[in-house]
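Comments concern the structure below.
The values are calculated or read from the model by the stated rules, or taken from the named source; none is laboratory data. Keep in mind the model is a prediction, meaning the values are calculated, not measured. Note that each Cβ is placed from the backbone with ideal geometry, even for glycine, and that neighbours are counted across all protein chains shown. Just the protein is used for accessible areas: all its heavy atoms, side chains included, with ligands, DNA and RNA removed. Shrake-Rupley method; radii C 1.70, N 1.55, O 1.52, S 1.80 Å.
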Amino acid sequence: MAEKEYNLGEYLTGGVEKIVKGAIRATLKDPKESIFMARYAIASKESSRRRAELEKQGEHIPPFLIASITSSCNLHCAGCYARENHICSDEKAYAQLSAEEWDAIFREAKDLGIGFILLAGGEPMMRRDILDKAAEIPEILFPVFTNGTLLNDSYIKLFDQSRNLVPIFSIEGDEKKTDERRGSGIYQSLIRAMDKIKENHLIFGASVTATTSNLNEVVSDDFIHVLQERGCKVIIYVEFVPVTEDSTELAPGDVEREFLKNKLMELREQYPEMLFISFPGDEKSSGGCLAAGRGFFHINSHGDAEPCPFSPYTDINVRDTSVREALHSKLFTALQDGDVLMEDHAGGCVLFERRDQVKKLLSNE
C-alpha cells in the first residue's frame, strides 16, 4: 500500500499545522480572534500528539471528521449530492441523532485526537441545539458549512462568544452562477450575511464547489477581491463530485487539479492574509484518497459511519458502538487494506467511480 512509501501520519499532521498557521496569519489583525487561534494551536498540537501516540500503538486516527448533523435543508440546490444520496430530504426527519448524542461523538473525537470537525447537512444552522454543544468544546475547530440564509442576531452572538465555530458560506461564483444553482436571491442573501459578520468583527470563510465550468472564475482576482473586501479569511475549494452519470463532465480531472494546485500557490503568495484550501486536494501526494478514516470519515445525521459524504455506504452506526470502533469497521478496514482508495480515476471521486466495488465489499461481509 502507498502508506508504506511514506509516513501518512506526518503528512496529515503537516497539513493540519499548515492550516493552523495559516489561520493564525489570517487573524493577526483581529486580537480576539488571534488569541483564540493561538490557544487553539496549543490544543491542535495536543491532538497531534494524541494521534501520534495511538499511531505508535498501531492505531491510525484521522485528524478530520465530517459530521452531517441534519438531513433538513431550506434550499433545493441543483446537483446537490446530499439530496441525491438521500442524506438530505424534505420528508419529516426521523431517527436523527440528538444533540446529546452528537455531544458524546464530539467529545470522544476530541479524546482520540480529532481536531477538526466539519459541520454539514442539510443546513447545519437548522440545528442550533447541536451547534450549542459544539461551542462548548474549544479544543475542536468546527467550520460550519452553511447557505447563510438563517444567520440572525442570535447566531451572531453565538459566533462571537464561541470562536471555535466558524461560518463557511457556500457560494458558486458570481451572482448568476450562485443563483442558478442555489435559487433566486441567494447571492444577495449571502452578501448580506457576510457584511453582517464583518460589521460584528467576526471571521468567516467561503466554500466553493469547483467544476470544469466555473474553475477559472472562482480563482480569479475579481472573485477573490469580492470576498476579501467583505472580510473573508478562508476559501475552501471543494472539487465537484458527480452524483449522476450525466454530470461527470463537471468533475475536475488531472489537468484541472494541477491548474488549481498551481493557482492556489499563487493566491497564497498574493493574499497572505487569507487561507486557501482544496478538498480533497492532490491525492497523488497523499498516496490516494483520504476517505474511510485515512484522513477523514463521515458520520451522517442518523449515526451511520461512512467513508465520505460522497460515498454513502456503511456497515456500522455510532449509536450501537463508539467512534473508535466505527473507525475499525469491516468496510473501513477493507477499503484501507485494499486497492480501491489508491486507484487512478478520471476525476471527482474514486469511491463514486468504484461504487460497485464498495458495494461488493459490503455484500461480502
Worksheet entry | Per-region count, the stretch 257-274, residues in a helix (DSSP H, G or I) and either of a type outside the set (S, T, N, Q) or open to solvent by less than 10 Å² (accessible area, probe 1.4 Å) (or both) | 12
Fill in: Matching entry among 46, 53, 33 (being acidic (Asp, Glu), open to solvent by 30 Å² or more (accessible area, probe 1.4 Å), modelled with pLDDT of 80 or more and within 23 Å of the chain's Cα centre (by Cα))
46
Discussion item. Tally up the residues in the stretch 189-213 that are open to solvent by 50 Å² or more (accessible area, probe 1.4 Å), in a helix (DSSP H, G or I) and not acidic (Asp, Glu), please.
Written reply: 3
Practice prompt. Could you tell me whether the stretch 153-161 includes any residue that is open to solvent by 10 Å² or more (accessible area, probe 1.4 Å) and within 20 Å of the chain's Cα centre (by Cα)?
Written response: no
Item to complete: Check whether at least one residue in the stretch 142-150 is open to solvent by 50 Å² or more (accessible area, probe 1.4 Å), out of contact with any Ser or Thr (no Cβ under 7 Å at 6 or more places or on another chain), among the hydrophobic types (A, V, I, L, M, F, W, C) and within 26 Å of residue 37 (Cβ to Cβ), and report yes or no.
Response: yes
Worksheet entry | Tally of residues being touching a residue at least 60 places away in the same chain (Cβ under 8 Å), assigned to a loop (DSSP other than H, G, I, E, B) and in contact with a strand residue (DSSP E or B) (Cβ under 9 Å, 6 or more places away or on another chain) across the stretch 228-256 | 4
Worksheet item: Can you pull out the residues in the stretch 286-321 that are of a type in the set (Ser, Thr, Tyr) and open to solvent by 30 Å² or more (accessible area, probe 1.4 Å)?
Response: 313, 314, 321
Worksheet item: What residue, among those in the stretch 63-113 that are at pLDDT 95 or above and either of a type in the set (D, E, K, R) or exposed (fewer than 15 other Cβ atoms within 10 Å of the Cβ) (or both), is farthest from residue 139 (Cα to Cα)?
Response: 98
Worksheet item: Do we have residue 257 as on the phi < 0 side of the Ramachandran plot, touching a His at 6+ places or on another chain (Cβ under 9 Å) and modelled with pLDDT under 90 here?
Response: no
Practice prompt. Could you list, in sequence order, all residues of the stretch 25-36 that are part of a helix (DSSP H, G or I) and touching a residue at least 40 places away in the same chain (Cβ under 8 Å)?
Written response: 25, 26, 32, 33, 36
Worksheet item: Any residue in the stretch 179-188 that is within 29 Å of residue 138 (Cα to Cα) and either buried (at least 23 other Cβ atoms within 10 Å of the Cβ) or among the charged types (D, E, K, R) (or both)?
Response: no
Worksheet item: Can you name the condition, by its number, that residue 183 falls short on among (1) at positive phi; (2) touching a Ser or Thr at 6+ places or on another chain (Cβ under 7 Å); (3) not polar (S, T, N, Q)?
Response: (2)
